[in-house]
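The numbers here are math on the coordinates, done by the rules we state, and not lab data. Since we're looking at a predicted model, the values are computed, not measured. Every residue, glycine as well, gets a Cβ built from its backbone with ideal geometry; the counts of neighbours run over all protein chains shown.
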Amino acid sequence: MILNFLKRFNGLYRSAGLAVLLIAGGLLCSFHPQSIDEKNTNTKIKAIFLYNFTKYIEWPSDYKSGMFKIGILGSTDMIQELEQMASKKKVGAQQIVISKFASVDAITKCHMIYIPREKSGTLAEVVKKVGGNSTLIITDKEGSARKGAAINFVVESNKQRFELNVSNALKHNLKVSSNLSGLAIVVQ
């Protein structure tokens, strides 16, 4: 009799424990799963955009040999996405290398530099730092394409898009394909 009681109690205890785990798991899953997935998806989309920009921008001949360097200012999830992409893709015959810069002062010569939203306040310093180099400056904050970036990510009608300021690209001796202009929100 005691044995039967213990078996039933153990069964109830396990069922209750399972119920608690299921409820706790359900609560944990209900917090931020979409925002995490959306953030990861958006980061992947931006990484794909960055790579595809290389097909529509022409760098001067002295930038067409050696490694194709993509710089990232600060820390962002984009680094991991770009590193994965760099392990599989090339720009023409050039291997892609991702360089992380902790500060504007640390920036060295690169083909592209991505400035995440958190570092957008440094845009003017970055423009000054890259100076006459043929560096495509890409940002992620509204209005940045009017303040020195050649390309700025925006969300329009729930879709990832980008602004393009051709004159800012030309200032860095970069030629922009008209095909890219056709895909962009062109700003002055």
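Just a few scattered comments:
- Cβ-based net charge around Gly71, under 11 Å, with every Lys or Arg adding one and every Asp or Glu removing one: +4
- Point-charge dipole on Cβ atoms (K/R +1, D/E -1) for the range 61-132, about Cα centre, debye to 20: 240 debye
- Convex hull volume of the C-alpha atoms in the range 29-188, normalised per residue: 115 Å³.
- Over 22 Å [Cα-Cα, the range 39-112], rounded percent: 20 percent
- Dipole of the range 45-186 [Lys/Arg +1, Asp/Glu -1 at C-beta], most positive-end residue of Leu73, Gln84, Ser177: Ser177
- From least to most packed, judged by other beta carbons within 10 angstrom and beginning with the fewest, Leu82, Leu183, Leu164 follow the order Leu183, Leu164, Leu82.
- Distance from the alpha carbon centroid of the range 40-76 to that of the range 117-188 works out to 13 angstrom.
- DSSP-defined antiparallel bridges as percent of all bridges, the range 45-186, nearest 5: 35 percent
- Net charge in the neighbourhood of Lys109 (other residues with Cβ under 13 Å of its Cβ; Lys, Arg +1, Asp, Glu -1) is +1.
- Cα centre as origin, Lys/Arg/Asp/Glu Cβ charges: the range 35-176 dipole, Debye: 340 debye
- Sum of side-chain charges, Glu58 neighbourhood, beta-carbon under 11 Å (Lys, Arg +1; Asp, Glu -1): +3
- Cleavage-rule hits, GluC sites (Glu not before Pro), the range 85-153, DSSP coil, Cβ neighbours within 10 Å at most 14: Glu142
- Cβ crowding within 10 Å averaged over residues, with 68-81, 51-64 ranked highest first: 68-81, 51-64
- Each of Ser181 and Val97 was given a label point 7 Å from its Cα along the Cα-to-Cβ line. The distance between the two points is 3.4 nm.
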